[in-house]
Structures are given as structure tokens and as C-alpha cells.
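> Please find one structure pasted underneath; my questions will follow.
The values are calculated or read from the model by the stated rules, or taken from the named source; none is laboratory data. For clarity, every value in this text was computed on a predicted model and none was experimentally measured. A quick note on method: Cβ atoms are made from the backbone with ideal geometry, for glycine too, and the neighbour counts reach across all protein chains shown.
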Amino acid sequence: MNKRILAGAGIALLAFNNAAQAATCATAAEVSAIQVSAVKQELTDAALACGDKEVALFNRFQTVFQKELRASDARMLTMFKRMHGVKKGNAEYDAFKTRAINHAEARRTVPGEHANFCKAADIVFAAALAPDKPVLEDFVAGVPVQEATPVDVCQISVSVALTGVAAGPAVMPIPRPDLPGDVPNQNLFP
């Protein structure tokens, strides 16, 4: 009977730990919302500093993705409130967005980096505003940004500076090594 009690207590403790971790960890959708916000802050800074072309591109970006941007922003705010409570959650949400745009500005104002920053923003705008409109969350997942994740992602990672959209490295499959009991590879066709 003692073994049953201990086993039951262990399961209850595991369930409690999982629930506690869930309350302090961001979900995949919340991590995506953080990425969306970080990219939007970078593009906002580009619109404020790079010129009229980027202002027009940013306004178009806002219009094209308006519904998705709002939903993503609401998801991120809900996440902060869930993790920190309403008052502190609102403050953490505002602090993250302020920090992200300040960091974007700091990267842009590094001597010699303004043109590179604006060029990278133009690449991101072009990809986002392509004729075949991408899904916002899928699109931003491919945009590298240099912003620290504001919450514990519990094994979910976000590559959160704007360097343009880049394809991942080519993946080359390798054959499975022979295992004991495998029939040796025989050439069936001469």
C-alpha cells in the first residue's frame, strides 16, 4: 500500500510540475507571436529611419497583415498576463516592445550599419509583400532577428537583427548504417 501512495504522490508531483511549467513557459504559438512582434519592431524602426520608400512599404505591410498582426499581438499580451498577472503582464508586454524597437534603433545607428539595416528591411518587405502572400507566422519564422526572448520557452527556440529572409542550409540525407541482422546490400539489377 505504501508503494501505491508513493507512486500516486509521484504522479501528482509530476502533474503539478507540468502544470507549473506550463504556467511559466511560452507555447509554440506564443513564441511565434514574440517573433512577429520582434520583426514588426524592426520594420517599424526601418519605416521611421530609412525613408519614404520604407514608410510606404511598412504601411502596406500593416494593411496586408492587419488581422494577423492584431491576433498575434493579442496572443502575446495574453501570454504576458498569464505568466505575470494582469498589471505586471501589461508592463512586461510594453517593456518587451519598447526594448525591441530600442534595440533595433541601436543596431541601425551603429556607424556604417544604417544602409545595411535599411537594405535588409527592404528585402524583408519584398518577401512579405510578394504577390503570393505568405502566412505571417510562417514568414517571420524565417526572418532572423537579434532580440532576447522575454519569457522561458522551455525547449522552444526563437531566432529573434534583421538580415533578410534566408533559406536554411541544404539538408542531405545519409543512409542508415547497416544493423545486425540486415541482409547485405545486393545489387539486384546488373
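> Please go through the range 35-92 and pick out each residue that is of a type in the set (S, T, N, Q) and farther than 23 Å from His114 by Cα.
Scanning the range 35-92 gives Thr63, Gln66, Ser72, Thr78, Asn90.
> Now, a different point. Out of all the residues in the range 67-83, is one or more modelled with pLDDT under 95, more than 16 Å from Gln35 (Cβ to Cβ) and not basic (Lys, Arg)?
yes
> Would it be correct to say that Arg82 is within 21 Å of Cys50 (Cβ to Cβ) and not polar (S, T, N, Q)?
no
> Given the criteria at pLDDT 85 or above and not hydroxyl-bearing (Ser, Thr, Tyr), does Ala127 qualify?
Spelling it out, Ala127 is indeed at pLDDT 85 or above and not hydroxyl-bearing (Ser, Thr, Tyr).
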